[in-house]
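Pasting a structure here, questions to come.
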Amino acid sequence: MKINKIVILVFGLTLITGQTSAMTMSTILSKDIIYPGQTFDMYVFVDPQGIEIAGGQLNFAFDKSLIRVNNIDKGPLFNQTINGMYLNKGIINNSIGKVSDVFGLILGPYSVSNSGVFIIISATAIGPTGSTLITFSNVKFNGPQGNIVPVNVINGNVNIRLKGDLNNNGIPADAGDQVLMKRASIGEIPANSAYDLNNNGLFADAGDQVLMKRASIGEIIL
């Protein structure tokens, strides 16, 4: 009987431990569509799941042929406290596609438990087209007593595509792209910022259709 009770107790504790949620870290892009030559931001977003945190560190890698990292800056997560945040921007090495030794901490005896942006990564798309993972490593966050807080890391992904290439086949303003633009203009399919060729905030409007047509016959380059 005692053995059965012990087994039940251990099993119950295992279930409770398994249900404990860890904080998460993910990446949000400032632009949903990125074109060659564009500069954009990557927001490293942290959700502590109600756990108190006071500092964090990370490295990350990327495809050096597709993007260039320009700068690392503070996000509002740790900067909201009365004394603000100290940020070590790390070492940016675009020649190998890596940023290392980025860390930030709250100045003073403070901590936060709400979600927010830890750091902001400014980058430029230098490759023609393609996709690159933003792969994080050595990710660690600590609580106000220096305790390590478990974190689930979700790597980011950056897709670079040509303007006017709605079907993403590497050929802007071809017949398929024109069909997609037309269908989006009459509401047959949903549109996103890739359909805003004239950058006026309206997707697949008359101006966008004109630009697509002109590009298809070689009058302009999108």
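Throughout, read-outs are computed from the coordinates displayed, never taken from laboratory work. Computed from a predicted model, the values in this text were never measured in an experiment. Backbone-built Cβ (ideal geometry, glycine too); neighbour counts: all protein chains shown.
Return the FRET efficiency for the residue pair R183, T124: r is the Cβ-Cβ distance, R0 is 41 Å, and the value is rounded to the nearest 0.05.
0.80
With a sphere of radius 13 Å drawn around the Cβ of N169, what net charge do the other residues whose Cβ falls strictly inside it have (Lys, Arg +1; Asp, Glu -1)? Before the final figure, lay out each step's value.
Numbers: positive: R161; negative: D165, D174, D177.
That works out to -2.
Now, a different point. Find out how many positive minus negative residues lie around Q178, taking Lys and Arg as positive, Asp and Glu as negative, among other residues whose Cβ is under 12 Å from that of Q178.
Numbers: positive: K182, R183, K213, R214; negative: D165, D174, D177, D208.
Computed value for this residue: 0.
Separate question: Once every Cα of the range 128-186 carries one equal point scatterer and solvent is ignored, give the base-10 log of I(q)/I(0) from the Debye formula at q = 0.18, 0.22, 0.28, 0.30 Å⁻¹, two decimals.
Per q value, in the given order, log10 I(q)/I(0) is -0.73, -0.88, -1.06, -1.12.
Quick one: helix 206-216 against the long Cα principal axis of the chain, what's the angle to the nearest 10°, folded into 0 to 90?
Around 70 degrees separate the two axes.
Quick one: net charge around I91, please, counting Lys, Arg +1 and Asp, Glu -1 for every other residue with C-beta under 15 Å from its C-beta.
Numbers: positive: K64, R68, K89, K98; negative: D101.
My count for the surroundings of I91 gives +3.
Of the residues I92, I189, I67, which exhibits the maximal mean-square fluctuation in a Gaussian network model of the chain defined by a 10 Å Cα contact cut-off?
I189
Also, I was wondering about something else. Using 28 Å as the Cα-Cα cut-off, could you pick out the over-long pairs in K89/K163; K74/K163; K140/K163; K31/K182? Let's see the in-between values first.
Numbers: K89/K163 32 Å; K74/K163 31 Å; K140/K163 38 Å; K31/K182 23 Å.
Beyond 28 Å between Cα atoms: K89/K163; K74/K163; K140/K163.
Provide the convex hull volume over Cα atoms per residue for the range 38-135, in Å³. Kindly include the intermediate steps, with their values, before the conclusion.
Details: hull volume 8.7 nm³, N = 98.
So the per-residue Cα hull volume is 88 Å³.
In addition: Work the Kirkwood hydrodynamic radius out for the range 106-152: mean of 1/r over every pair of different alpha-carbon atoms, inverted, in Å. Show your work: numbers first, answer last.
Details: mean 1/r = 0.0699 Å⁻¹.
For the range 106-152, inverting the mean 1/r across all distinct Cα pairs yields 14.3 Å.
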